[in-house]
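Working notes for the structure below.
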Amino acid sequence: MLPAYFHRRNDLFRFACGVFVLLLLIVAVYWPGLRGAFFFDDSFNILQSPAVKVSEFTVDSLWNLWEGGIAGPLGRPVSLLTFAANYYYAGFDPYWFKLTNLLIHCLNTVLIGVLSLLCLRAARVLHGDAGWQYGVAGLVAAFWALHPIQLTSVLYVVQRMTSLSSTFVLLGLILHMWARQRAGVAWSTWGALAFAWIVCLPLAMLSKETGALFVLYAGAYEAILQRSHAGRFDRFGAVFLGLLLVLSVGLSISLMIDSSSGLLGSYATRSFTLQERVLTESRILWAYVSMIVIPSLSNFGLYHDDFVVSTGIFQPFETLLAIVGLAASLPAIYLLRSKAPIAAFGLLWFLVGHSLESTIFPLELMHEHRNYLPSLGIILMFVPALVFPKGRSSIFRYVTIGAFLSLVSYSALLTYLRADMYGNDYRRTQLEAGYRSESVRSQYDAGAVLVNMYNRYREPILASMADKHFKIVNELSPSYKLALVGMLQLDCLSEEGARADIYAELEARLRQNKWETGDRTVMHGIAEMSNTGTLCLDRTQVDGLFAAALGNPTASSQDRSVVASDYARYLWLGQSDYEAARTILKEVVADNENDVLNRINLLQLSRFLGERDEVLRSLADLQGRELGHRNKVLVKTISEELAREGLAKGL
């Protein structure tokens, strides 16, 4: 059932036509980027995920999806299900993954338009001009959908987790707002609320944990727009906000008590502390606002690791200004709640949207996709400028609308240019390395793409360009290791011996530097490239690198477990040194009672070597342990295979 203000059919028809044109424009703007490749975390979360590689949809495969996610505390199984569906129908063709993301973005654009209408109605903006109310909602949706800050949520495949979670958040909020704005109580009202909270909220959280912000978004609506709509806090709103306050205080106390472990325990592998993160995020929020209001192509990028960390309130001095500005936003919301409720709601929406990923949790400091929904709040703050009181000249109205349309058009142009960049890996990485000259990851990505091109075309200029980017990385960061691996790979492809100084520096960094989140990837790459012959290190050199990594005192037992698994694969598959592989695996499981991964590796190695008694002993040990579903399925499969093989052996 449509809200009452849709009764004017002509306005509704024009609105629908406008939305259709907008969707065509969105597809046209993003189209050049659909031919781009997978990159960054796409590999770890999609290409290397066993849960995604489904050959059929069965109970076991769906259960693997449920337990196979590693991207967050909840595993994000709903998002994984959509990745698995893409793989099932089209394999790992990035075009279909990106097209699916684009369709989700188009759906979200429609939902943003409807949500904006509900917000305008609740704030009683343009209450007597329904036609322009639709127009303003359409402009808000257009600015949001075509803004370049949204690009990574569309063309960076794994960020479907963000956009899909947002779909369920938006749908739930629309149902919540519609139900709350209805006069009287009916079954449809309670049905809408139930669907929003019992269906949409869980689906949002199981797509990405930021879906939990649905609760805070609903709280922001109740605190400002519903109060404006009803003229007061009703019983529902008062009870809801009271419960929300109690829940927030309880969660805050829980985090303070458990600050050294759990959700905050990952600071051990970060290059910044909790205090530094909180201080830095105050500046990053204002950087986001600047990117939304005054978009510039050079300010955007896949990586923002070049953002300077705040080490104190005055270091840099802008930190103090940022904190003062954020503190001032709270009384600003209070003062605006009556005179300009839509602006107050927009500001609160933006802050709420960043309350998880831009506060205390040990995530990376800055990413554009974190603004996918929060950016709507800043855009809603433009709405008062599009409301024209009676008596205001038509010239002023046309100038204001023209200025806003120019901003939307400029944003669409920037998004098109970015999409064109993202349609080709070489173009994307070279341009972003140019824009972000002090970004370690941008420089490394540019070099890595050039290495792959050199491997294919064997043009010396490509090797020279790649080596230059890697040297820049080493100058920018004394702890980054992937660029050193890239330089050793270049030596191999160029049929030259590994540079001794590069190897020595890599070994020293692995042994002495603080263990970082990406170091597992480094060691996995060393093992895989050594096995495939694209990294020309001898056995002694590879042994040295793994000894350095396993001996790093800051690496956790879980880190050592994963690194030991890669080392054993190198010894087993690359060197056929089965006893050395067995020794490594036995050492690591002896040090870590909970190391299921390498116990399974030991079983498989014994099975490969035909050691029946050792296989049975390892199998019995695994069957007596508490295993996750994926490991249970693997052990069960091995057990069934052994039973079939052992029919003639008395098993």
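The values are calculated or read from the model by the stated rules, or taken from the named source; none is laboratory data. Because the structure is a prediction, the values reported are computed rather than measured. In this analysis, Cβ positions are derived from the backbone assuming ideal geometry, glycine residues included, and neighbour counts consider all displayed protein chains. Accessible surface is based on the protein model in full, side chains and every heavy atom, while ligands, DNA and RNA are left aside. Shrake-Rupley method; radii C 1.70, N 1.55, O 1.52, S 1.80 Å.
Across the stretch 145-201, what is the number of residues that are touching a residue at least 40 places away in the same chain (Cβ under 8 Å) and in a loop (DSSP other than H, G, I, E, B)?
2
Quick one: would you say residue 259 is in contact with a Ser or Thr (Cβ under 9 Å, 6 or more places away or on another chain), of a type in the set (Ser, Thr, Tyr), modelled with pLDDT under 85 and open to solvent by 50 Å² or more (accessible area, probe 1.4 Å)?
no
For the stretch 240-256, enumerate the residues that are at pLDDT 85 or above and open to solvent by 80 Å² or more (accessible area, probe 1.4 Å).
Those that are at pLDDT 85 or above and open to solvent by 80 Å² or more (accessible area, probe 1.4 Å): 243, 245, 246, 247.
Anything in the stretch 633-651 that is modelled with pLDDT under 75, assigned to a helix (DSSP H, G or I) and either open to solvent by 80 Å² or more (accessible area, probe 1.4 Å) or polar (S, T, N, Q) (or both)? List them, or say none.
645, 647, 648, 649
Could you list all residues from the stretch 317-354 that are assigned to a loop (DSSP other than H, G, I, E, B) and surrounded by 15 or more Cβ atoms within 10 Å (Cβ to Cβ)?
Across the stretch 317-354, the qualifying residues are 340, 354.
Residues that are at pLDDT below 95, at positive phi and part of a loop (DSSP other than H, G, I, E, B): does the stretch 107-129 have at least one?
Within the stretch 107-129 (the criterion being at pLDDT below 95, at positive phi and part of a loop (DSSP other than H, G, I, E, B)), the answer is yes, since at least one residue qualifies.
Would it be correct to say that residue 607 is under 20 Å from residue 569 (Cβ atoms), in a helix (DSSP H, G or I) and in contact (Cβ under 8 Å) with a residue 40 or more places away in the chain?
no
Inspect all residues belonging to the stretch 268-290 and state whether any of them is open to solvent by less than 40 Å² (accessible area, probe 1.4 Å), at pLDDT below 95, over 30 Å from residue 418 (Cβ atoms) and among the aliphatic types (A, V, I, L, M).
No, the stretch 268-290 contains no residue that is open to solvent by less than 40 Å² (accessible area, probe 1.4 Å), at pLDDT below 95, over 30 Å from residue 418 (Cβ atoms) and among the aliphatic types (A, V, I, L, M).
Considering only the stretch 70-95, state which residues are more than 17 Å from residue 41 (Cα to Cα), aliphatic (A, V, I, L, M) and assigned to a loop (DSSP other than H, G, I, E, B).
74
State yes or no: is residue 571 under 23 Å from residue 600 (Cβ atoms), assigned to a helix (DSSP H, G or I) and of a type outside the set (Ser, Thr, Tyr)?
In short, yes.
Please specify each residue of the stretch 35-63 satisfying the condition of being of a type in the set (Gly, Ala, Ser) and open to solvent by 20 Å² or more (accessible area, probe 1.4 Å).
The answer is 37, 43, 55.
State whether the residues of the stretch 299-307 include one that is assigned to a helix (DSSP H, G or I) and touching a helix residue (DSSP H, G or I) at 6+ places or on another chain (Cβ under 6 Å).
yes
Which condition does residue 45 not pass, out of (1) part of a helix (DSSP H, G or I); (2) touching a helix residue (DSSP H, G or I) at 6+ places or on another chain (Cβ under 8 Å); (3) over 23 Å from residue 428 (Cα atoms), if it passes all the others?
Unmet condition: (3).
Please find, within the stretch 383-433, the residue that is modelled with the lowest pLDDT out of those that are more than 34 Å from the chain's Cα centre (by Cα) and hydrophobic (A, V, I, L, M, F, W, C).
Within the stretch 383-433, the match that is modelled with the lowest pLDDT is 388.
Would it be correct to say that residue 377 is small (Gly, Ala, Ser), open to solvent by less than 10 Å² (accessible area, probe 1.4 Å) and either under 22 Å from residue 299 (Cα atoms) or touching a Phe, Trp or Tyr at 6+ places or on another chain (Cβ under 6 Å) (or both)?
Spelling it out, residue 377 is indeed small (Gly, Ala, Ser), open to solvent by less than 10 Å² (accessible area, probe 1.4 Å) and either under 22 Å from residue 299 (Cα atoms) or touching a Phe, Trp or Tyr at 6+ places or on another chain (Cβ under 6 Å) (or both).
Here is a check on your reading of the model: is residue 518 more than 35 Å from the chain's Cα centre (by Cα) and at pLDDT below 90?
For residue 518, the condition - more than 35 Å from the chain's Cα centre (by Cα) and at pLDDT below 90 - is not met.
List every residue pair whose Cβ atoms sit under 7 Å apart, with the two residues 6 or more apart in sequence or on different chains, where the first one lies in the stretch 303-329 and is in contact (Cβ under 8 Å) with a residue 60 or more places away in the chain and the second, anywhere, is assigned to a loop (DSSP other than H, G, I, E, B) and surrounded by fewer than 16 Cβ atoms within 10 Å (Cβ to Cβ).
Pairs that qualify, where the first residue is in contact (Cβ under 8 Å) with a residue 60 or more places away in the chain and the partner is assigned to a loop (DSSP other than H, G, I, E, B) and surrounded by fewer than 16 Cβ atoms within 10 Å (Cβ to Cβ), are 306/438.
Looking for something among the aromatic types (Phe, Trp, Tyr), under 26 Å from residue 379 (Cα atoms), modelled with pLDDT of 95 or more and open to solvent by 10 Å² or more (accessible area, probe 1.4 Å) - is there at least one such residue anywhere in the stretch 437-445?
No, because not a single residue in the stretch 437-445 is among the aromatic types (Phe, Trp, Tyr), under 26 Å from residue 379 (Cα atoms), modelled with pLDDT of 95 or more and open to solvent by 10 Å² or more (accessible area, probe 1.4 Å).
Within the stretch 202-232, which residues are hydrophobic (A, V, I, L, M, F, W, C) and closer than 19 Å to residue 330 by Cβ?
Hits for the stretch 202-232 are 213, 216, 220, 223, 224, 225.
Please go through the stretch 557-598 and give me each residue that is modelled with pLDDT of 90 or more and among the polar types (S, T, N, Q), ordered by number.
Within the stretch 557-598, 561, 565, 575, 576, 583, 598 qualify.
Out of 82, 58, I need the residue that is polar (S, T, N, Q) and more than 21 Å from residue 152 (Cα to Cα). Which one?
Among 82, 58, only 58 is polar (S, T, N, Q) and more than 21 Å from residue 152 (Cα to Cα).
Please go through the stretch 292-303 and pick out each residue that is within 19 Å of residue 143 (Cα to Cα) and open to solvent by less than 10 Å² (accessible area, probe 1.4 Å).
The answer is 292, 295, 300.
How many residues, within the stretch 542-560, are crowded, with 19+ Cβ neighbours inside 10 Å and in a helix (DSSP H, G or I)?
Residues flagged as crowded, with 19+ Cβ neighbours inside 10 Å and in a helix (DSSP H, G or I) within the stretch 542-560 amount to 7.
If residue 507 meets every condition in (1) under 19 Å from residue 540 (Cβ atoms); (2) open to solvent by less than 40 Å² (accessible area, probe 1.4 Å) apart from one, which number is that one?
(2)
For residues that are open to solvent by 20 Å² or more (accessible area, probe 1.4 Å) and not charged (D, E, K, R), tally how many sit in the stretch 603-616.
5
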